[in-house]
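A short worksheet on the structure shown next.
The values are calculated or read from the model by the stated rules, or taken from the named source; none is laboratory data. What you see is a predicted model, and the numbers here were worked out from it, not measured in a lab. Neighbour counts are summed over all protein chains in view; Cβ atoms, including those assigned to glycine, are modelled from backbone coordinates with ideal geometry. Note: accessible area is taken over every heavy atom of the protein model, side chains too, but ligands, DNA and RNA are not part of it. Shrake-Rupley method; radii C 1.70, N 1.55, O 1.52, S 1.80 Å.
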Amino acid sequence: MSTTNLVNVLKLENEDFEFYPTSPAMLEYIHAQMLRDFNRRLGKSSDKLYCSVLDVGAGAGGAVTALTQGKRFAIEKSQRLLSEMPREVIVLGTDFFSQSLIDKRCDVVFSNPPFSIFESWSVKLINEANCAYIYLVVPQRWKDNEAINTAIKDRSGDAVVIWSGDFREADRVARARVDIVKIRLIDTSRWNHYTS
């Protein structure tokens, strides 16, 4: 189903929880960054990734499917979007704010959160994620957000913007200016690959 048709169905079924699919260009930047981080650590030179990824607010599973050929996990609220998700994506829950993430160990957590609640969403992810890296697609005002920056500091993490742009060329157009932020949470020299 096309994104436009899917959005129309979501609106009719009262399940449009700010569904703005991450664009292919954004996913390419994230994938390229993950290749550098994971394959270099493992001494590989492949363009394929087999790390485990949890997508929080996974939509129909397009992002997690594009990012890895390894284990794919999702948390998604919309029953309609869950019905569109590929079978190989393992759904770990439907209500992000009632989930605990500490027991969901993986290599990467990815999220393109609803922008109306991006602060509380991002802070929960940063505080609870059990992974090496978090990739967030968030409004550029995240940089001045005290709660997000405190959460990163409290986890002894570091954050870097790997891409800046907007959703003007995305399947569902939006004017918001966004950053893709990579947050490294652990000392990667001691990190173990969580593919099993």
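Summary table
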quantity	calculated
All positions within region 102-117 that are outside any loop (DSSP other than H, G, I, E, B), buried (at least 16 other Cβ atoms within 10 Å of the Cβ) and at pLDDT below 95	Phe115
Candidate set: region 135-166, residues that are among the aromatic types (Phe, Trp, Tyr) and assigned to a strand (DSSP E or B); chosen: the one surrounded by the most Cβ atoms within 10 Å (Cβ to Cβ)	Tyr135
Residue in region 89-101 that is open to solvent by 10 Å² or more (accessible area, probe 1.4 Å), within 26 Å of Ser2 (Cα to Cα), touching a residue at least 40 places away in the same chain (Cβ under 8 Å) and of a type in the set (D, E, K, R) present	no
Cβ pairs under 7 Å, 6+ apart, first in region 102-117 and in contact (Cβ under 8 Å) with a residue 60 or more places away in the chain and more than 14 Å from Ile75 (Cβ to Cβ), second open to solvent by 40 Å² or more (accessible area, probe 1.4 Å) and acidic (Asp, Glu)	Phe115/Glu18; Ser116/Glu18
Of residues in region 72-84 being open to solvent by 20 Å² or more (accessible area, probe 1.4 Å) and in contact with a strand residue (DSSP E or B) (Cβ under 7 Å, 6 or more places away or on another chain), the one modelled with the lowest pLDDT	Leu82
Members of region 49-79 found to be of a type outside the set (Phe, Trp, Tyr), over 18 Å from Leu35 (Cα atoms) and in contact with a Leu (Cβ under 6 Å, 6 or more places away or on another chain), listed by number	Gly59, Ala60, Ile75, Glu76
